[in-house]
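Here is the structure we will look at.
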Amino acid sequence: MKSFEVVTFGSALKDIMFYSDEIEVLKNSKDVTKQKLMAVEYGAKMHINEVFVNYGGGALNVAVGLNNFGIRVAPMVNVGKDLVGKEIFSYLKGLGVKTSLMNVDHQRKTGFSLILTDKKTREHTIFTYKGASNFLEAKGLRNFRTKWMYLSSLNSHDWALQVDKIMRQTRRDVKIFWNPGSMQLEEHEKLVPFLPFVEILMLNKDEAIELVKNEKPRTTKAKLNDVKFLLNSIVKMGPQKIVITQGEKGVSAIDELGKYYYIPSQAVKKRIVDTVGAGDSFSSGLLAGMVRYEDFHRALKLAVKNSSFVLYRIGAQNGLLKIKL
């Protein structure tokens with residue numbers, strides 16, 4: 001039987017990134033979950049300054065990051081029987097990442113992302129076509145052993161069914177690290193029952209606000225902007241550990257004993273060239289630290305370091321640390 005330390009479950013995509021100096025970043029006080037907006041001139045033909053092509057997707061990015069730390073990892077992803085799917089297979093094999101849990105979909109195309117980045121601020125917005133990733137199924141879970149399973153954003157209509165299958169793996173002493181996406185957060189009533197099975201729940205601040213604001217009784221905008229209030233609210237939903245990332249403001253977390261953690265960002269602002277993949281690099285650092293150290297505070301510090309370094313290179317994987325733990 002195959003044995004891994006971590007199995008990642010989610011998307012594998014081709015990323016097409018482009019930079020433009022004709023984008024405006026605007027503050028938006030009307031919606032607490034959308035505090036900044038990107039704007040371009042309507043109907044105009046916009047100039048692209050630079051273009052980069054990489055491979056990405058939550059499950060792929062985290063698998064590559066874990067592999068760089070010497071963690072035995074396998075991504076469970078769905079790719080099409082097309083050129084891009086073959087490219088991803090070849091790319092992972094070249095890195096030494098196990099591909100035995102990858103599935104080839106003969107009916108659908110491999111997904112891709114278009115990543116629009118403001119050249120001035122280096123902030124980005126991602127347009128994603130998940131393609132075959134939308135039809136990923138949690139099959140053959142008893143055909144391998146793993147200590148952890150990492151779940152990234154899922155966009156399939158039956159995502160709750162797939163998550164349910166994975167959460168049942170806790171009966172086999174598998175720990176769950178979950179970084180839910182927008183569809184999960186929008187379907188609040190489906191998401192919340194899974195949270196007591198989660199060892200680590202990771203969200204950015206906007207996602208944490210989205211999760212908490214749908215709880216009853218409704219709360220005020222001021223409280224929703226308070227990270228400690230968000231942590232206290234979410235821990236009551238059942239996860240053992242909650243992590244909220246806040247970009248340049250660092251990371252806040254709480255564990256099952258009610259202990260708070262705060263790790264400031266280590267990124268040097270002048271060196272930042274790209275913010276794509278910062279969340280996934282944080283996840284891989286945190287999970288690698290938990291696998292090797294079994295120490296939440298130490299793992300958080302490794303995660304912040306890993307996410308800081310990825311900001312200094314173009315692409316979600318190019319700046320990842322390569323340290324055998």
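Here are some notes:
- Residue under evaluation Glu248, criteria (1) surrounded by fewer than 23 Cβ atoms within 10 Å (Cβ to Cβ); (2) modelled with pLDDT under 90; (3) assigned to a loop (DSSP other than H, G, I, E, B); (4) not basic (Lys, Arg), criterion not met: (3)
- Region 162-187, residues that are in a helix (DSSP H, G or I), under 18 Å from Val7 (Cβ atoms) and not polar (S, T, N, Q): Val163, Asp164, Lys165, Ile166, Met167, Arg168, Arg171, Arg172
- Residue check, Gly111 crowded, with 22+ Cβ neighbours inside 10 Å and part of a strand (DSSP E or B): yes
- Test: Phe18 is aromatic (Phe, Trp, Tyr) and either closer than 27 Å to Leu101 by Cβ or without any contact (Cβ under 8 Å) to a residue 12 or more places away in the chain (or both): no
- Looking across region 242-258 at every residue that is more than 16 Å from the chain's Cα centre (by Cα) and among the aliphatic types (A, V, I, L, M), the one that is nearest to Val227 (Cα to Cα) is identified as Ala253.
- Of everything in region 228-245 that is basic (Lys, Arg) and not in a strand (DSSP E or B), the residue that is farthest from Ala299 (Cα to Cα) is Lys236.
Yes/no matrix, rows are residues, columns are (1) among the aromatic types (Phe, Trp, Tyr); (2) in contact with a strand residue (DSSP E or B) (Cβ under 8 Å, 6 or more places away or on another chain); (3) surrounded by fewer than 16 Cβ atoms within 10 Å (Cβ to Cβ); (4) free of Cβ contacts under 8 Å to residues at least 12 places away in the same chain:
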| position | (1), (2), (3), (4) |
| --- | --- |
| Lys27 | no, yes, yes, yes |
| Val53 | no, yes, yes, no |
| Met76 | no, yes, no, no |
| Ile88 | no, yes, no, no |
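- Scan of region 204-233 for residues that are under 13 Å from Ser252 (Cα atoms), of a type in the set (A, V, I, L, M, F, W, C) and crowded, with 19+ Cβ neighbours inside 10 Å, ordered by number: Ala208, Val227, Leu230, Leu231
Okay, residues lined up against (1) hydroxyl-bearing (Ser, Thr, Tyr); (2) closer than 24 Å to Lys213 by Cα; (3) at pLDDT below 95:
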{"site": "Ile234", "(1), (2), (3)": "no, yes, no"}
{"site": "Ile244", "(1), (2), (3)": "no, yes, no"}
{"site": "Tyr262", "(1), (2), (3)": "yes, yes, no"}
{"site": "Met290", "(1), (2), (3)": "no, no, no"}
{"site": "Lys305", "(1), (2), (3)": "no, no, yes"}
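- Which listed residue is among the small types (Gly, Ala, Ser), part of a loop (DSSP other than H, G, I, E, B) and at pLDDT below 95, from Ser100, Ser11: Ser11
The values are calculated or read from the model by the stated rules, or taken from the named source; none is laboratory data. Quick caveat: nothing in here was measured; it's all calculated off a predicted structure. Don't worry about glycine lacking a Cβ; one is built from the backbone with ideal geometry, like all the others, and counts go over all protein chains shown.
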